[in-house]
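The values are calculated or read from the model by the stated rules, or taken from the named source; none is laboratory data. Since the model is a prediction, treat every value here as computed from it, not as a measurement. Because the Cβ atoms are built from the backbone with ideal geometry, glycine has one as well, and the counts that use them run over all protein chains shown.
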There are 2 protein chains.
Amino acid sequence: MTELFFDLQSTHNPHRWFMPLTPAVCVGPPDNLFMYGGIGLASAIAAMERTCERPVIWATAQYLSYARPGSVVDLDVWVPVQGKYNSQARVIGHVGDQEIFTVNAALGARPSTVSHQWVTMPDMPRPEECERSVLWGDQGDNLNGRLDVRMAKGRYGEGPRTGQLSADGRLVMWIKSVEDFAVDASLLAVMADYVPSGVGAALGRQGGGNSLDNTLRIRRIVPTRWVLCDIQITGIHGGFAHGVMNLFAQDGELMATASQSVIVRMMD
Amino acid sequence: MTELFFDLQSTHNPHRWFMPLTPAVCVGPPDNLFMYGGIGLASAIAAMERTCERPVIWATAQYLSYARPGSVVDLDVWVPVQGKYNSQARVIGHVGDQEIFTVNAALGARPSTVSHQWVTMPDMPRPEECERSVLWGDQGDNLNGRLDVRMAKGRYGEGPRTGQLSADGRLVMWIKSVEDFAVDASLLAVMADYVPSGVGAALGRQGGGNSLDNTLRIRRIVPTRWVLCDIQITGIHGGFAHGVMNLFAQDGELMATASQSVIVRMMD
């Protein structure tokens, strides 16, 4: 098991984990920090993989409430189905008796030699050739400072926010952790929660959204330093946006796909 | 509310619904029929929309067990969060004390004039110009016979199953209900459960898969007789396949997007 990006702690009960919240796993302005949604999905994935001793195939988080720094999230792992090759599991994440998130998932691996991907990595300059992007400005000591996010300037939508709709709704960026944590399913879950960043780019406006959920599907994780996150906002209507993300290793391997629905928030 | 494709019945408790299972909502060989997974998601969506009196934005079903014709599925609706514009809800679907599926979802609508789609409908012959496809052969009286599925022969993968991998992993087909039910979120959920049909087409082999989950995101539902279901298998590894589907009205409006992970099952 790799070292985790967050402080997940075990207990006497292999189905019960906890995670103290510090600004390092939160986002928002300094006086209103809250746990980053992707950390909810990520910590649940890490807990389930350790409890079930199987890798996650698919996991969906439902975000119900906010958790604040200084509090401790309890993660209770339930495994309603345990089969020969795969398990069906869920995690209830709560602070005290307040439910913060629920994650449903399947875990496992089957004997199979079939391995193929039908989506290809878009052509991007190497991460070393791209400048580091600051998506939310400097809000002090929080999770944003722990991710190194780079995109080819102006190429995929970081450019002018003049109200002109993007032609393809895409935003493509390289991400790695500043601390160079190894890429595992839980770190991919943190990156997958960047889908809302595509909303402002797609609309050509300053804005993003609040995640209602986050769905991650793991195909195959390979060693890589950077992950290319190819976001497409598929559509917006009635105040909600929907988007997908393909996550590639530097060598072009499709490691995971993700999707998300968000409440659209405009800041202009 | 439209008439439903399945027999969802109310009770004295607005949070509690039930659905008697008949072959009309099941699939499989005559001696081994089971509830079609998409009916689980669809019935949960219909129950939540009626309980919350709000439209579904996003819903994910986790499939835990099988339910058989002759049994009755109880659908219990829980609403942990009720906001000004949106609700967070879940449905536990069970037969007796056996959990069959769980659905997590968000419902609602917000005042907003922003409406756009960034994905476009692929160019297909009109449904009237396409022959009806029989994906699983005639297995008698079950749900398959209630869906009229049409694809341009050989064009997107229905063609030869010679073991040659499809170039793009896509399978595009028109679907409507034979009984001409109006298209609503629950009927889209039934159609969204066709993602596994793309697995055989992508691999160029006879096969499909068992759904682990089904995730549906509703953008905007408009009146249409047929729905174009554009499936892409994104990748396969370790015995599991992942795929996405875009669901369009006949006029090209993106009504919904869906995604699914499946256990790959080969029949050749």
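What the table shows:
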| read-out | value |
| --- | --- |
| Yes/no for residue A:43 being polar (S, T, N, Q) and more than 17 Å from residue A:2 (Cβ to Cβ) | no |
| Search result, residues across region B:190-237 that are surrounded by 24 or more Cβ atoms within 10 Å (Cβ to Cβ) and of a type in the set (D, E, K, R) | B:193, B:213, B:217, B:219 |
| Filter result for residue B:175 (at the interface with chain A (Cβ under 10 Å from one of its Cβ atoms) and either at positive phi or surrounded by fewer than 24 Cβ atoms within 10 Å (Cβ to Cβ) (or both)) | no |
| Test: residue in region B:248-257 that is closer than 20 Å to residue B:208 by Cα, at pLDDT 95 or above and of a type outside the set (S, T, N, Q) | no |
| Qualifying residues in region A:29-85 (those that are among the hydroxyl-bearing types (Ser, Thr, Tyr) and within 13 Å of chain B (Cβ to nearest Cβ)) - the one farthest from residue A:263 (Cα to Cα) | A:85 |
| Selection status of residue A:268, surrounded by fewer than 22 Cβ atoms within 10 Å (Cβ to Cβ), in a loop (DSSP other than H, G, I, E, B) and at pLDDT 95 or above | no |
| Boolean, residue A:227 is hydrophobic (A, V, I, L, M, F, W, C), under 26 Å from residue A:161 (Cβ atoms) and more than 7 Å from chain B (Cβ to nearest Cβ) | yes |
| Pair list, Cβ under 7 Å, 6 or more apart: region A:220-248 residue closer than 18 Å to residue A:60 by Cα and polar (S, T, N, Q), other residue surrounded by fewer than 21 Cβ atoms within 10 Å (Cβ to Cβ) and at pLDDT 95 or above | A:246/A:119 |
| Criterion (among the small types (Gly, Ala, Ser) and facing chain A (nearest Cβ under 10 Å)) met by exactly one of B:204, B:198, B:209 | B:198 |
| Within region A:50-81, tally of residues that are farther than 24 Å from residue B:106 by Cα and either out of contact with any helix residue (DSSP H, G or I) (no Cβ under 7 Å at 6 or more places or on another chain) or not assigned by TED's automatic domain parsing to the domain that holds residue A:13 (or both) | 9 |
| Out of B:222, B:190, sole residue that is more than 11 Å from chain A (Cβ to nearest Cβ) and modelled with pLDDT of 95 or more | B:190 |
| Candidate set from region A:238-250 (those that are more than 20 Å from residue A:149 (Cβ to Cβ) and surrounded by fewer than 24 Cβ atoms within 10 Å (Cβ to Cβ)); member that is nearest to the other protein chains (Cβ to nearest Cβ) | A:239 |
| Region A:144-166: number of residues that are out of contact with any helix residue (DSSP H, G or I) (no Cβ under 6 Å at 6 or more places or on another chain) and either over 18 Å from residue A:228 (Cα atoms) or at pLDDT 85 or above (or both) | 14 |
| Test: residue A:103 is in the same structural domain as residue A:48 (by TED's automatic domain parsing) and closer than 16 Å to residue A:39 by Cβ | yes |
| Unmet criterion (only one of (1) more than 22 Å from residue B:5 (Cα to Cα); (2) within 8 Å of another protein chain (Cβ to nearest Cβ)) for residue B:259 | (1) |
| Test: residue A:24 is surrounded by 18 or more Cβ atoms within 10 Å (Cβ to Cβ), of a type outside the set (S, T, N, Q) and not assigned by TED's automatic domain parsing to the domain that holds residue A:188 | no |
| Subset tally (residues that are within 14 Å of another protein chain (Cβ to nearest Cβ), surrounded by 19 or more Cβ atoms within 10 Å (Cβ to Cβ) and within 30 Å of residue B:89 (Cβ to Cβ)) for region A:96-147 | 9 |
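Every residue, every condition in (1) of a type in the set (S, T, N, Q); (2) touching a residue at least 40 places away in the same chain (Cβ under 8 Å), yes or no:
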site: B:59; (1), (2): no, yes
site: B:62; (1), (2): yes, yes
site: B:66; (1), (2): no, no
site: B:69; (1), (2): no, yes
site: B:73; (1), (2): no, yes
site: B:76; (1), (2): no, yes
site: B:80; (1), (2): no, no
site: B:91; (1), (2): no, yes
site: B:96; (1), (2): no, no
